[in-house]
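**Student:** The following block contains the structure, expressed as structure tokens.
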Amino acid sequence: MANNQLGVLNALDAAKTQWYHFTAIVIAGMGFFTDAYDLFGISLITKLLGRIYYTNENHPKPGTLPPNVAAAVNGTAFAGTLAGQLFFGWLGDKLGRKRVYGLTLMLMVVCSIASGLSFGKSPAGVMTTLCFFRFWLGFGIGGDYPLSATIMSEYANKKTRGAFIAAVFAMQGFGILTGGIVALIVSASFDHAYKAPPYSVNPKDSTAPEADYIWRIILMFGAVPALLTYYWRMKMPETARYTALVARNAKQAAADMSKVLQVELEAEEEKVETAPSSNSFGLFTKEFARRHGLHLLGTSVCWFLLDIAYYSNNLFQKDIFSAIGWLPKAETMNAIHEVYRVAASQSLIALCGTIPGYWFTVALIDYIGRFTIQLMGFFFMTVFMFALAIPYHHWRSNNAGFLIMYSLTFFFANFGPNATTFVVPAEIFPARLRSTCHGISAAAGKLGAIVGALGFLYAAQSTNPAETDQGYPPGIGVKNTLLVLGSINCLGIFFTLLVPESKGKSLEELTGENEEADGNDKQQASSTQTLPV
């Protein structure tokens, strides 16, 4: 397609890094900032919800969410995200990336606020309302995955495309950290204003009535960053690749990118008219299966396996920290102080392991490649999971060592498959199916997150019935759960072999759209030779 490549696409591929690249990263990245804040913020408040709504004052331990309620609170947002990834991924290819981009953001804003306003006359009523709004919050978050990745991929230049897409995803790290910081500030303020005794001293007074405001404020704050970027998201033009290759409007594509790149670009409408039909093959065809079937299998399964381990670890850090004794026993704290301690622990992990891992990927992905980073990440996640699990009882008396090893699993998740599974599906599929295929891959990941979130709830319970949380049957314990997660990471190494390297190539080279155009050119040349001049 070198001779038939549209000038506007060549200009995007060859463009030097400019201000509009950074603007696009911030606009798309703030969506992911909000995504991470909303999805992982729930882990900061689940212990508090258990204390407020499910405490039996005659029991020696404070209340926890019953198993079915905990599963619903943790899982509904993921179920919504999965549905949103599939729906908005498909819609982004049908209607255009920009046309549905603002809708996902407003859905996040409205449902973040509504989650904090959850109401009910009984604990079951409050939890049902919360789950309802978190499902729709997840639905909006789900749409942000394929749309943000595809938009950044189609805006970026060939040389630094991986870094730009990874930078959008890296905003998740700051979202997780901000969730911890907001929880720290809110809980510290309430703890100072409303003094309460530990549960072991006075079960009734250990949960101040004002504690009910804490979880609501934390959840509602998630609307702020999304709201701040809505205007700028609406000002972004449609991507040139969608406009030219799918909508087949070369004039509009050239006009939009002339403004963005601040150069004059020729419309080249004749090239669009003679280019192969954008519907030459669909998702459910033998041709797609031949060209991209194994690629879609690889991106989907790798994301599925990664999210089982990643979300298990992220959502249940508080349980792991309690199990190794890094957090004090719940009965030795009041409800508000427990929120503070959980938030401090998760913020430390985000600062030491999560955020650095993301930005190592941004710095190196266009030098060492996606394939190498993903393979290395799965390998070291496996190593560190086993290193935590096998001498598990040693770590119970060596909290600092456990924290270092645990942080390294997050570092190599983010300097590894957590970033690359997001980047690669936005590069290797044709423009007309790019958003859909990214949505399918991401939905497979969220299915893994649901498996991890619900499975860990039960599996990580102690094998001793006397030591399990209220309402839970005995599980296999944290040690054996970590061994299972390590084995899952090991599987990811093998499925990575199905995913192609996309470093340094244009999107059209990667997707085979060049071949379509070249074949079309040859066919036209052949037919031209048979006609009289």
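**Student:** Taking the criterion of being surrounded by fewer than 24 Cβ atoms within 10 Å (Cβ to Cβ), assigned to a loop (DSSP other than H, G, I, E, B), among the charged types (D, E, K, R) and touching a residue at least 12 places away in the same chain (Cβ under 8 Å), would at least one residue in the stretch 456-477 satisfy it?
**Tutor:** yes
**Student:** Any idea which of (1) over 19 Å from the mean Cα position of the chain (by Cα); (2) touching a residue at least 12 places away in the same chain (Cβ under 8 Å) is the one Ala400 doesn't satisfy?
**Tutor:** Among (1) over 19 Å from the mean Cα position of the chain (by Cα); (2) touching a residue at least 12 places away in the same chain (Cβ under 8 Å), Ala400 violates only (2).
**Student:** Could you count how many residues in the stretch 104-133 are more than 26 Å from Tyr231 (Cβ to Cβ), in a helix (DSSP H, G or I) and not aliphatic (A, V, I, L, M)? Walk me through how you get there before you give the answer.
**Tutor:** Keep residues of the stretch 104-133 that are more than 26 Å from Tyr231 (Cβ to Cβ), which gives 118-132.
Going one step further and asking which of them are in a helix (DSSP H, G or I), we end up with 123-132.
This time we only want the ones that are not aliphatic (A, V, I, L, M), so: 123, 125, 128-129, 131-132.
Number satisfying all stated conditions: 6.
**Student:** Restricting to the stretch 3-19, count the residues that are farther than 12 Å from Asn157 by Cα and modelled with pLDDT of 80 or more.
**Tutor:** Filtering the stretch 3-19 for residues farther than 12 Å from Asn157 by Cα gives 3-7, 19.
Restricting the remaining residues to those that are modelled with pLDDT of 80 or more gives 19.
Looking only at that region, the number is 1.
**Student:** Oh, and also: Taking the stretch 139-162 as the region of interest, how many residues are open to solvent by 10 Å² or more (accessible area, probe 1.4 Å) and under 17 Å from Gly445 (Cβ atoms)?
**Tutor:** The number of residues fulfilling the criteria is 1.
**Student:** Right, another one. Kindly list, by first and then second residue, each pair from a residue in the stretch 76-93 that is modelled with pLDDT under 95 to a residue that is open to solvent by 10 Å² or more (accessible area, probe 1.4 Å) and among the polar types (S, T, N, Q), limited to pairs with Cβ atoms under 6 Å and residues at least 6 apart or on different chains.
**Tutor:** That search, which allows pairs on different chains as well, returns Asp93/Thr436.
**Student:** A further question on this structure: Can you tell which of Thr354, Thr361 is more than 26 Å from Glu154 (Cα to Cα) and either open to solvent by less than 10 Å² (accessible area, probe 1.4 Å) or over 23 Å from the mean Cα position of the chain (by Cα) (or both)?
**Tutor:** Numbers: Thr361 fails: more than 26 Å from Glu154 (Cα to Cα).
Of Thr354, Thr361, the one residue that is more than 26 Å from Glu154 (Cα to Cα) and either open to solvent by less than 10 Å² (accessible area, probe 1.4 Å) or over 23 Å from the mean Cα position of the chain (by Cα) (or both) is Thr354.
**Student:** Have a look at Ile218, Ile214, Ile165 and point out the one that is open to solvent by less than 20 Å² (accessible area, probe 1.4 Å), under 19 Å from Trp19 (Cβ atoms) and at pLDDT 90 or above. Lay out the reasoning, then the answer.
**Tutor:** Values: Ile218 fails: under 19 Å from Trp19 (Cβ atoms); Ile214 fails: under 19 Å from Trp19 (Cβ atoms).
Going through Ile218, Ile214, Ile165 in turn, just one is open to solvent by less than 20 Å² (accessible area, probe 1.4 Å), under 19 Å from Trp19 (Cβ atoms) and at pLDDT 90 or above: Ile165.
**Student:** If you don't mind, another one. From the list Thr409, Thr372, exactly one residue is out of contact with any Ser or Thr (no Cβ under 8 Å at 6 or more places or on another chain), open to solvent by 10 Å² or more (accessible area, probe 1.4 Å) and polar (S, T, N, Q). Which is it? Write out each step before concluding.
**Tutor:** Working: Thr409 fails: open to solvent by 10 Å² or more (accessible area, probe 1.4 Å).
Answer to the check: Thr372.
Yes or no, residue by residue, for (1) open to solvent by 40 Å² or more (accessible area, probe 1.4 Å); (2) within 16 Å of the chain's Cα centre (by Cα); (3) not acidic (Asp, Glu):
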site	(1), (2), (3)
Leu137	no, yes, yes
Asp191	no, no, no
Leu228	yes, no, yes
Asn249	yes, no, yes
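**Student:** Starting from residues that are over 13 Å from the mean Cα position of the chain (by Cα) and open to solvent by less than 10 Å² (accessible area, probe 1.4 Å), keep the ones in the stretch 436-455 and report whichever is nearest to Gln85 (Cα to Cα).
**Tutor:** Cys437
**Student:** Considering only the stretch 482-503, I want to know if a residue exists there that is modelled with pLDDT of 70 or more, touching a Lys or Arg at 6+ places or on another chain (Cβ under 7 Å) and either open to solvent by 70 Å² or more (accessible area, probe 1.4 Å) or not in a loop (DSSP other than H, G, I, E, B) (or both).
**Tutor:** Step one: of the stretch 482-503, the residues modelled with pLDDT of 70 or more are 482-503.
In the following step, the residues that additionally are touching a Lys or Arg at 6+ places or on another chain (Cβ under 7 Å) were identified as 501-503.
Now restrict to residues that are either open to solvent by 70 Å² or more (accessible area, probe 1.4 Å) or not in a loop (DSSP other than H, G, I, E, B) (or both): 503.
Yes - at least one qualifying residue is present in the stretch 482-503.
**Student:** Are any residues in the stretch 244-269 within 16 Å of Leu12 (Cβ to Cβ), in a helix (DSSP H, G or I) and free of Cβ contacts under 8 Å to residues at least 40 places away in the same chain, and if so, which ones?
**Tutor:** Residues satisfying the conditions are Gln252, Ala255, Asp256, Ser258, Lys259.
**Student:** Restricting attention to the stretch 5-50, report how many residues are surrounded by fewer than 23 Cβ atoms within 10 Å (Cβ to Cβ) and not in a helix (DSSP H, G or I).
**Tutor:** Residues in the stretch 5-50 being surrounded by fewer than 23 Cβ atoms within 10 Å (Cβ to Cβ) and not in a helix (DSSP H, G or I): 5 in total.
**Student:** So, Gly80, is that one buried (at least 24 other Cβ atoms within 10 Å of the Cβ) and in contact with a His (Cβ under 9 Å, 6 or more places away or on another chain) or not? Before the answer, list the steps.
**Tutor:** Numbers: buried (at least 24 other Cβ atoms within 10 Å of the Cβ): yes; in contact with a His (Cβ under 9 Å, 6 or more places away or on another chain): no.
So Gly80 does not fit the description; no.
The values are calculated or read from the model by the stated rules, or taken from the named source; none is laboratory data. Treat the numbers as computed from the prediction; the structure is a model and nothing was measured. As a convention, Cβ positions derive from the backbone with ideal geometry for all residues, glycine included, and neighbour counts pool all protein chains shown. These accessible areas exclude ligands, DNA and RNA; they are computed on the full protein's heavy atoms, side chains included. Shrake-Rupley method; radii C 1.70, N 1.55, O 1.52, S 1.80 Å.
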